[in-house]
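Nothing in this text is a laboratory measurement; each read-out follows from the coordinates by a stated rule. Quick caveat, the model's predicted, so the values are computed rather than measured. All Cβ positions, glycine included, derive from the backbone under ideal geometry; neighbour counts span all protein chains shown.
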Amino acid sequence: MPSSHPAIALPRLIAHRGLSAHAPENTLAAVRAAHDAGYPWVELDVQLLGDGTPVIWHDATLKRCSDGHGRLATLDLAAVRKLDVGAWFSDDFRGERMATLSDMLELLVELDMGVNMELKVTSRRSGTELAEVVVPRLLKALPPERLILSSFDQPALHHARSLADASLLPIGVLTESVSEKWQSRCEALDAYSIHTDWTRLTARRAREIKAAGYRLLCYTPNDPAAFAQRWEWGVDSAISDDPALFAGIAPPPA
């Protein structure tokens, strides 16, 4: 990995979609909960509404995590601002509203937190379009030491790289399993890290990644005992719904 990448103090534990085991995922409340629990980094998802507004949301539809229905790609900001995105999780979060990217960046700056922001590309919007909207806003709000941009969508990542070099924008290659061509993909993007499903990672592949100088992140382990061996393989960070499960088990940051 080139030395031009920023020196990121990557924590061992990153709160998945905010502290999603204890607050509604991808909300301002979930990020505040992560901060209050002592987790300095969160993983979040961003996608575009039909009017082009970037919002913090995982699914292509509203059904699972709100009191509404429909696809995000057909809605505008005025419509989604009326939704309750907290009551589905608990009455304690009734009235929580969908966060725009601007809302979330303002909170991350206020709390001095880092973020792994995933470009969530759906069938209705292109990854290139999403990167074009999101990347400049990330770069304006956050220093590179507190930012990793990831995506499963290769066009989104390549367009993101065209907008900023590795010293300003650390890129994480997000993949379900690490293929034989992992290194060429990383080199083409001047990537900082690889993010993969912890259940599909092998010791051999993990050690190859670390030997090549890349950071290695795993999603979404919530079983510390089953995950323990991965630390020995060189995994840098676990993106967990409930990082507290790893208290006293995860090694200190490398």
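Beta-bridge orientation, the chain: approximately 15 percent antiparallel, per DSSP, counting only bridges with both partners inside. The C-alpha radius of gyration of the stretch 99-163, expressed as a fraction of 2.2 N^0.38 Å, stands at 1.08. The loop-placed trypsin sites (Lys or Arg not before Pro) in the stretch 146-254, going by DSSP, that have at most 14 neighbouring Cβ atoms within 10 Å of their Cβ come out as Lys181.
About its Cα centre, the dipole of the stretch 206-254 is roughly 220 debye, where the only charges are +1 on Lys and Arg Cβ and -1 on Asp and Glu Cβ.
Calculated FRET efficiency, Thr199 to Ala73, Cβ-Cβ distance, R0 = 30 Å: about 0.45 to the nearest 0.05.
Counting only whole DSSP H helices of the chain, there are none at least 30 Å long by C-alpha along their axis and with mean Kyte-Doolittle hydropathy no lower than 0.5. Based on C-alpha pairs under 8 angstrom that are at least 6 apart in sequence, the chain has a relative contact order of 20 percent.
Taking the chain as a Gaussian network of alpha-carbon nodes connected by springs under 10 Å, the highest mean-square fluctuation of the residues Ala30, Ala79, Ala99 belongs to Ala79.
Remark: the chain carries a charge dipole of roughly 480 debye about the Cα centre, counting +1 on each Lys and Arg Cβ and -1 on each Asp and Glu Cβ. Calculated on the alpha-carbon coordinates, the convex hull of the stretch 57-146 measures out at 109 cubic angstrom per residue. Normalised by the number of residues in the stretch 64-142, the mean separation of alpha-carbon contacts (under 8 Å, six or more apart) gives a relative contact order of 21 percent. Which of these values of volume of the Cα convex hull per residue in Å³ was calculated from the structure shown: [x] 116; [y] 124; [z] 145? Only one option fits the structure, namely [x]. Using a Gaussian network model of the chain in which every pair of alpha carbons under 10 angstrom is joined by a spring, one finds that among Leu44, Leu19, Leu142 the greatest mean-square fluctuation is at Leu142.
Expressed in nm to one decimal, what extension gain is obtained for the pair Leu107 and Lys181 from 0.36 nm per residue of sequence separation less their Cα-Cα distance? Full-extension gain reported as 22.9 nm.
Structure remark: mean-square fluctuation, Gaussian network model of the chain, C-alpha springs under 10 Å; the largest value among Ser177, Ser20, Ser193 belongs to Ser177. Computed over the stretch 1-79, the Cα gyration tensor eigenvalues convert (square root of 5λ each) into semi-axes of 28, 18, 9 Å, ordered from largest to smallest. Mind checking which lysines have their C-alpha under 20 Å from Lys210, skipping anything on the same chain fewer than 8 residues away? Those lysines meeting the cut-off are Lys181. Rounded to the nearest 20 debye, the dipole size of the stretch 139-254 about its Cα centre is 220 debye, using +1 on the Cβ of Lys and Arg and -1 on the Cβ of Asp and Glu. An ellipsoid equivalent to the stretch 105-227, defined through the eigenvalues of its Cα gyration tensor, has semi-axes of 24, 17, 14 Å when rounded to whole angstrom and sorted largest first.
Dipole orientation for the chain: of the candidates Tyr39, Val235, Leu107, Val235 has the Cα lying most toward the positive pole (charges on Cβ; Lys, Arg +1; Asp, Glu -1). Note on the stretch 1-132: semi-axes of the ellipsoid equivalent to its C-alpha gyration tensor, largest first and rounded to whole Å, are 24, 20, 11.
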